[in-house]
Amino acid sequence: MVDQEIGLLIGAGASFELGMPLVSHLTGEFKGYFTSAHLRQLNARWRQQGGGCDDSVIELIIDLLNRHDLHYENILGCLQTMARRHDQPSAEQYWDMYARMVELVYLLLYYRQSRILPYIRRGFPPFEGLEGFVKQQSNPIWIFSLNHDSMIEILAQHCNIPLRDGFWPDKTMTIRANHHNEKCVLQADLLSEDDLGRANLHLFRTREPGINLIKIHGALDVFATRDGRDLCRLRAVGKELSGRLVALEILNERIGFWQNGYKIRAVNEINYADESGEMQFLRRTLLAGAQKFKERFPQTLPQRMLDLFRSYLNFVHHLYVLGYSFGDTHIDLELRNWLEFAHGRSMVIIDPNLHRLPTQFAHLALQIEILRKTASQFFADYRSIPMTPIQRLEQKVRAALRPFFEKRAARKR
């Protein structure tokens with residue numbers, strides 16, 4: 001496979017063994033927070049503050065939350081749809097609830113990501129095979145991520161693999177709090193509207209080894225700024241492995257804008273002071289719901305991100321799909337079009353439980369292989385030195401205990 005362009009498309013299953021939740025687990029935490037009683041209490045509080053929703057809106061959402069056949073993205077998609085119907089008198093309220101619920105998804109993922117670095121470290125041994133995976137060719141490896149977490153970035157740093165994600169390190173902005181008790185300052189790298197439009201991204205070129213990372217659905221550390229025109233990505237605090245997580249924690253828990261002694265609060269946004277002390281906004285970029293990249297549905301992340309995925313995918317001849325369950329129609333369509341364009345393109349689906357091709361890809365069976373392995377098993381095959389018996393035993397214990405870990409996390413909400 002040397003000198004063939006290789007790509008990796010990763011979904012939630014790729015981060016699962018390192019501590020992040022699958023859709024089913026995140027749904028449990030999501031519904032565990034928005035219980036019927038708690039949602040009614042929250043709405044009563046919002047009404048006291050001059051907002052809130054009609055009882056009919058809240059009761060409809062409660063009915064959705066109580067359905068066992070809907071996961072959190074189905075519920076969010078329903079709210080998006082209700083908010084766009086011209087004959088829906090409560091459309092604005094449904095949109096407000098969508099924004100509040102997406103914010104909760106962000107916070108659930110942020111809290112999980114920022115507090116499990118020791119767990120991540122102990123799970124690294126099989127994933128260290130990423131280094132061998134990248135070194136198998138002289139060109140950069142393309143990684144297209146549907147995940148919001150920072151696992152690939154942390155793993156690449158751990159393995160000393162060069163990584164670029166499109167953001168320009170020489171174009172930065174300063175994020176600070178304006179309260180005298182919060183003297184924290186963060187830096188963020190920028191990707192301007194102009195650079196994004198011209199596909200002028202900071203990426204490795206041909207014959208430059210490393211990882212080109214494209215995060216298609218937004219990220220915990222990526223925000224829209226300057227009235228939503230530009231994107232910025234938090235710069236790590238220090239050079240330690242925890243640097244990205246420290247920056248996330250500072251931004252979400254210490255950065256803010258205070259006025260008349262009160263911290264200003266905005267739904268799904270973070271307020272901060274720029275270098276001149278003026279209030280600015282960072283809009284969270286997570287895409288969630290059933291209407292991703294549909295132009296008639298507003299979203300913070302630019303539509304251009306899907307265009308870039310389509311464009312950069314054409315550099316790839318051999319694509320590994322890891323931890324993705326083929327549940328996003330816009331992604332599936334791009335993969336189909338990519339495979340159909342040339343017979344020399346091939347795809348390997350890595351999934352321990354998949355025994356037949358997804359229906360929408362059955363006509364491309366000659367170009368697709370199924371590899372029934374977990375993410376850790378897949379990467380372990382690329383290690384230059386096999387894991388020790390103790391390391392293998394520890395990974396088995398982690399896998400056995402993981403169901404209890406997820407149930408406990410859901411009960412805490």
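Laboratory data are not the source of any read-out in this text; all were calculated from the coordinates shown. Since this is a predicted model, take the numbers as computed values, not measurements. Quick reminder, even Gly has a Cβ in these numbers, built from the backbone with ideal geometry, and neighbours come from all protein chains shown.
A straight Cα-to-Cα reach below 21 Å connects LYS294 with the lysines LYS215, residues fewer than 8 places away in its own chain not being considered. Put a dot 7 Å past the Cα of ASN66, heading toward its Cβ, do the same for ALA91, and the two dots end up 2.9 nm apart. For a quick check, take a GNM of the chain with Cα springs below 10 Å and name the residue from ASN74, ASN260, ASN268 with the largest mean-square fluctuation. Of ASN74, ASN260, ASN268, the most mobile in the Gaussian network model is ASN260. Cross-link reach is defined here as a Cα-Cα straight distance under 23 Å, omitting same-chain residues fewer than 8 places apart; for LYS407 the lysines meeting it are LYS31, LYS396. Each peptide in 5-11, 98-104 gets a packing score, the mean of other Cβ atoms within 10 Å over its residues, and the list from highest to lowest is 5-11, 98-104. Let's test the formula: R0 of 35 Å, r as the Cβ-Cβ distance of ARG40 and ARG115. What FRET efficiency results, to the nearest 0.05? Computed FRET efficiency for ARG40 and ARG115 comes out at 0.75. Is the shape of segment 221-315 rounded, prolate or oblate, going by the alpha carbon gyration tensor and its root eigenvalues a ≥ b ≥ c, with a/c under 1.5 for rounded and a/b larger than b/c for prolate? Taking the square roots of the gyration eigenvalues as a ≥ b ≥ c, segment 221-315 is oblate. Against the main long axis of the alpha-carbon atoms of the chain, helix 23-33 sits at an angle near 20°.
Note on LYS183: lysines with a C-alpha under 25 Å away, same-chain residues under 8 apart excluded, are LYS171, LYS239, LYS263. Residues considered: VAL222, VAL23, VAL397. Largest GNM mean-square fluctuation over the chain, using C-alpha springs under 10 Å, is found at VAL397. LYS373 sits among other residues whose Cβ lies under 12 Å from its own Cβ, and their net charge, with Lys and Arg +1 and Asp and Glu -1, is -3.
Where (1) 19.7, 64; (2) 21.6, 66; (3) 20.2, 61 are the candidate values, the label of the one calculated here for Rg and Dmax of the Cα atoms in Å is (2). Taking Cα atoms only, the orientation of helix 389-411 departs from the longest principal axis of the chain by about 20 degrees. Taking the 0 to 90 degree range and rounding to the nearest ten, how far is the long axis of helix 72-84 tilted relative to the main principal axis of the chain, both from C-alpha atoms? That helix lies at roughly 50 degrees to the long axis. Taking a ≥ b ≥ c as the square roots of the eigenvalues of the alpha-carbon gyration tensor, segment 269-413 is classed oblate because a/c is 1.5 or more while a/b is no larger than b/c. For segment 264-371, chymotrypsin sites (Phe, Trp or Tyr not before Pro) are listed when DSSP marks them as loop and at most 14 other Cβ atoms sit within 10 Å of their Cβ; the list is PHE315. Answer rounded, prolate or oblate for segment 9-110, using the Cα gyration tensor with square roots of eigenvalues a ≥ b ≥ c: rounded when a/c is under 1.5, else prolate when a/b is larger than b/c, else oblate. Cα axes put segment 9-110 in the prolate bin.
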